[in-house]
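**Q** Supplied in C-alpha cells, the structure appears directly below.
The values are calculated or read from the model by the stated rules, or taken from the named source; none is laboratory data. Since the model is a prediction, treat every value here as computed from it, not as a measurement. Here the Cβ positions follow ideal geometry from the backbone for every residue, glycine too, while neighbour counts run over all protein chains shown. SASA here: full protein model, heavy atoms, side chains in, ligands and nucleic acids out. Shrake-Rupley method; radii C 1.70, N 1.55, O 1.52, S 1.80 Å.
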Amino acid sequence: MSGNLSALRSTGMDWSRIDPAEIWTATQDTLSMLGLSLVFTIALGLVIGVLLYLTSSRQLLYLPVVYSFLSLVVNILRSVPFIILMIAVMPLTKEIAGTTIGVAGTIPPLVIGAAPFFGRLVETALREIDRGIIEAAQAMGASKWDIVRRVLLRESRPGLLAAVTVTAITLVSYTAMAGVVGGGGLGDLAIRYGYQRYQTEVMIVAVVVLILLVQLLQMLGDWLVRKISRK
Amino acid sequence: MQHVTKIYKGRGGTVDAVKDVSLKVEPGEIYGIIGHSGAGKSSLIRCMNLLERPSSGKVLFGGRELTSLKERELQAERRRIGMIFQHFNLLTSATVRENIAFPLVLAGQSKRRQAARVDELLELVGLQAHGDKYPAQLSGGQKQRVGIARALAAEPAVLLCDEATSALDPQTTSSILSLLLSINEKLGLTIILITHEMQVIRSICDRVAVMDAGRVVEEGPVLDVFLRPAHGVTKQFADELSELEGGAPLPRRAGSKLVRLHFVGEETYEPVLFEAVKGSAVQCAILQGTVSRMKHTPYGQLLVELSGSPSDIDGAIASLRSSGIDAEVLP
C-alpha cells in the first residue's frame, strides 16, 4: 500500500500546481485566436475557392493561366510547415497587425496558413454541384455573379459547412503552434509548463481542454450540416 | 435557325454534333425534334438559347439575332425563353416556391409580386399543396411540374424542352405531355421539344424534324412525315408508331394480294373497307392493324389480305382509293 503511494508520488504529479485562472486565460486566448482567424480565413478562402472553381477548365470563367498561378500559390502555402510560415511572414504580420506577439500577432500567419487550405476545400465543395443546375440558371438569364451568389454558394452550403469545421479544427492545432512564437493560449501553456518546466500536469490539462474543444467543434459542425442538408 | 453548325473539339479529334441545320418555328406551335441518342438533338436545342454557342450560323428569336448579342443583352433575351430539362435541374437547397421564384428574383421583382406569381404557377401545374417542400421530397413527375412552373415564371414566349419526359414513367409522361399541351393552348406558348420517344411527337406536336447524324433529314407536319416517311430513320420511328411488324413472313394464300391501308382524319371511323368489298367476290382478312390519334387527328393503318380474281381485287383497291384511302400494294 505504502509502496503504491510512493510510486504515485515518484511520477511527480502534483495537481495542486495547476492554476485554474491561468488555464481559463489561456483558453480565452485560444478561443479569440480561433474565432478571429476563422472569420478572416473563411472570407479569404471563399474568394480563393470560388476563383479556383470558376477559372478551372470547362467552368464559367475558364482562365487557365490564372488557375495555374492561383493553384501554385495555394500549393506552396500548403506545403510550407506552419511554424516556418509563421516566422517567414513576421514582417508582413508587423505591417498588418502592428505586432508579432500576442493574439493580434498570430492572426495574419493563421489566416495565411489556413486560407489556402480552406480555399481548396471550397473548390472541392463547389465541384460537387450538378452542372445541370448551373446550366438551368444560365438558361434563365442569370449573370455569372448571380450564379456564384444564388446557385454555387447556396447549393454547396452543406459542403462549405463541413469545410469550415475541418478548417476550424486545423486552426486549433495551428494556434497551439502559434503559442510557441509568443501567441499565448493553451498550446503555449502546454509547451511552457509541460516541456520547459517539467510541469506535466499543466500540459495534460491544456491538452485535454484542446481535445474537448476539437470534439465540440466537430459535433457542432456535423449537427449544422445535418440541419441544412436537403438532398 | 440559319445554317447552324456545332463542332466540339476534344482530345480525340473533333465531333460535328450539328451540321448546317436551318429551322423555322412558328409562334404558337409545338415543334418536335426527334432522333436517336447521339443524333445531335441536345446540342441543337442548346444552340437555340446559346447554352452552346454555334460554331457557325445564326440563331434568330423574334427578329433579334441572338448570336450577335452582348452577354447582358443575351441574359435579358434568355428570360423570354423558358427551358426544362430531362433531370429537372432544380435547386436542391431551395423549396418548390423558391425554385419557381428564381427567375423572378433574377428579374428583380418585389417579394409581393413574386409570391402572387408563384401562387398562380403552383395552381397551373397542380402543386398547391407542395409549395414548401424541397425537391428531394417530390416524385419525378412533380419535379418536372416544378421545372415547368419555373420555366414559365418570367412569362417567356418560347419553352424549350430537353428530353423533358425521358426520365419519367409512361403514365407520368402522359400527364406532363397533357400539361404542356394545355399550356400551349391556354397561353399560346410556343414549345420546342427534343425527344427520342415517338409517343411524345405523336401526342402533342404539330410539326416535326427528324435528326440523324447532326442533320435534319426530314421535316414537316407530323402526319405527313410519319405516314409517308422518306428517310430510313423516319421509317424506324414510323414503325414504332404503327406497331406493324416488319420482317416476319405473313401467311398468304395463292392469288391473294397484301395491301397496306392508311386512314387519316374522320374516314378512320368510316366503314370504307366493308363498302369496298361488299357486293364483290373479294374476301378480306385483316392481318394487322392499328387505329390511333396524332395529337387531335385520328389515323389508322391496316394490313389486309384480299383474295379473289385479280380483276375483283383491283376493283376493290380502286374503290378504296376513290374513298380517299391510301392503299399500298405490298410485293
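**Q** Please compute, for peptide B:87-98, the average count of beta-carbon atoms on other protein chains lying within 10 Å of each residue's beta-carbon. All intermediate terms of the calculation are to be shown ahead of the outcome.
**A** Working: counts 4, 3, 9, 4, 10, 9, 13, 5, 1, 0, 0, 1.
Across the residues of B:87-98, the mean count of other-chain Cβ atoms within 10 Å is 5.
**Q** Which of the chymotrypsin sites (Phe, Trp or Tyr not before Pro) found in the stretch A:135-220 are in a DSSP loop and have at most 14 neighbouring Cβ atoms, other than their own, within 10 Å?
**A** Numbers: sites: A:Trp145, A:Tyr174, A:Tyr193, A:Tyr195, A:Tyr198; in loops: A:Tyr198.
Here the chymotrypsin sites (Phe, Trp or Tyr not before Pro) that fit, given the DSSP loop and packing criteria, are A:Tyr198.
**Q** Rounded to two decimals, what is Rg over Rh for chain B when you use alpha-carbon atoms and the Kirkwood radius? All intermediate terms of the calculation are to be shown ahead of the outcome.
**A** Details: Rg = 24.0 Å, Rh = 22.3 Å.
When Rh is taken as the Kirkwood radius, the ratio is 1.07.
**Q** So what is the accessible area of the stretch A:36-83 per residue, in Å², with the probe set to 1.4 Å?
**A** Numbers: 2750 Å² over 48 residues.
For the stretch A:36-83, the per-residue accessible area is 57 Å².
**Q** I've got another one for you. When ligands, DNA and RNA are left out and all protein chains stay put, how many square angstrom of accessible area per residue does the stretch A:115-231 have with a 1.4 Å probe? Please report the intermediate quantities before stating the final value.
**A** On the way: 5380 Å² over 117 residues.
On a per-residue basis, the stretch A:115-231 sits at 46 Å².
**Q** Right, next: So, in Å, what gap is there between the alpha-carbon centers of the stretch B:274-295 and the stretch B:119-197?
**A** First find each Cα centre; the distance between them is then 40 Å.
**Q** In addition: Mind checking the mean number of beta-carbon atoms from other chains within 10 Å of the Cβ atoms in B:72-83?
**A** Working: counts 2, 0, 2, 7, 1, 1, 5, 4, 1, 3, 2, 5.
Taking the mean over all residues of the peptide, I get 3.
**Q** In addition: Straight-line reach from B:Lys257: which aspartates and glutamates have a Cα under 19 Å away, not including same-chain ones fewer than 8 places off?
**A** Output for B:Lys257: B:Glu245, B:Glu275, B:Glu305, B:Asp312, B:Asp314, B:Asp326, B:Glu328.
**Q** Ignoring ligands, DNA and RNA, how much accessible area is buried between chains A and B, both sides summed, with a 1.4 Å probe, to the nearest 100 Å²?
**A** 2100
**Q** Keeping the other protein chains in place, figure out the carbon and sulfur percent of the accessible area of the protein assembly as shown, with a 1.4 Å probe.
**A** Details: 15660 of 27160 Å².
C and S atoms contribute 58 percent here.
**Q** Give me, ordered by chain and number, the residues 5 or more places off B:Ile84 or on other chains with an amide H under 5 Å from its own placed amide H.
**A** B:Leu160, B:Cys161, B:Asp162
**Q** As a test of the formula, what do you get for the protein assembly as shown when each DSSP H run with n ≥ 4 contributes -39,500 (n - 2.57) and the sum is divided by the residue count, at 222 nm and rounded to the nearest 500 deg cm²/dmol? Walk me through the numbers before you get to the answer.
**A** On the way: 21 runs with 281 residues, N = 562.
-16000 deg cm²/dmol, from helical runs alone.
**Q** In whole Å, what is the distance between the alpha-carbon centres of the stretch B:9-66 and the stretch B:304-331?
**A** 44
**Q** Enter the mean number of other protein chain beta carbons within 10 Å of the beta carbon of each residue in B:50-59, as an integer. Kindly include the intermediate steps, with their values, before the conclusion.
**A** Working: counts 2, 4, 1, 0, 0, 0, 0, 0, 0, 0.
Taking the mean over all residues of the peptide, I get 1.
**Q** Where the centroid of each part is defined by its Cα atoms, how far is the stretch A:152-178 from the stretch A:64-105 in Å?
**A** After rounding, the separation between the Cα centres reads 18 Å.
**Q** What is the sum of charges around B:Pro156, taking Lys and Arg as +1, Asp and Glu as -1, for the other residues whose C-beta is under 12 Å from the C-beta of B:Pro156? Spell out each step's value before the answer.
**A** Details: positive: B:Arg78, B:Arg79, B:Arg80, B:Arg150; negative: B:Glu77, B:Glu155.
In short, +2.
**Q** Could you tell me which of the pairs B:Lys111/B:Lys143; B:Lys133/B:Lys186; B:Lys111/B:Lys133 are separated by over 21 angstrom between their Cα atoms in the structure shown? Can you show the working numbers first?
**A** Numbers: B:Lys111/B:Lys143 23 Å; B:Lys133/B:Lys186 27 Å; B:Lys111/B:Lys133 19 Å.
Beyond 21 Å: B:Lys111/B:Lys143; B:Lys133/B:Lys186.
**Q** Classify the stretch B:256-330 as rounded, prolate or oblate from the Cα gyration tensor: take a ≥ b ≥ c as the square roots of its eigenvalues, call it rounded if a/c is under 1.5, otherwise prolate when a/b beats b/c and oblate if not. It would help to have the intermediate numbers written out before the result.
**A** On the way: a/c = 2.29, a/b = 1.81, b/c = 1.27.
Taking the square roots of the gyration eigenvalues as a ≥ b ≥ c, the stretch B:256-330 is prolate.
**Q** Which whole-number percentage describes the relative contact order of the stretch A:99-231, with Cα contacts under 8 Å and a sequence gap of 6 or more?
**A** Values: 117 pairs, mean separation 34.5, N = 133.
Computed value for the stretch A:99-231: 26 percent relative contact order.
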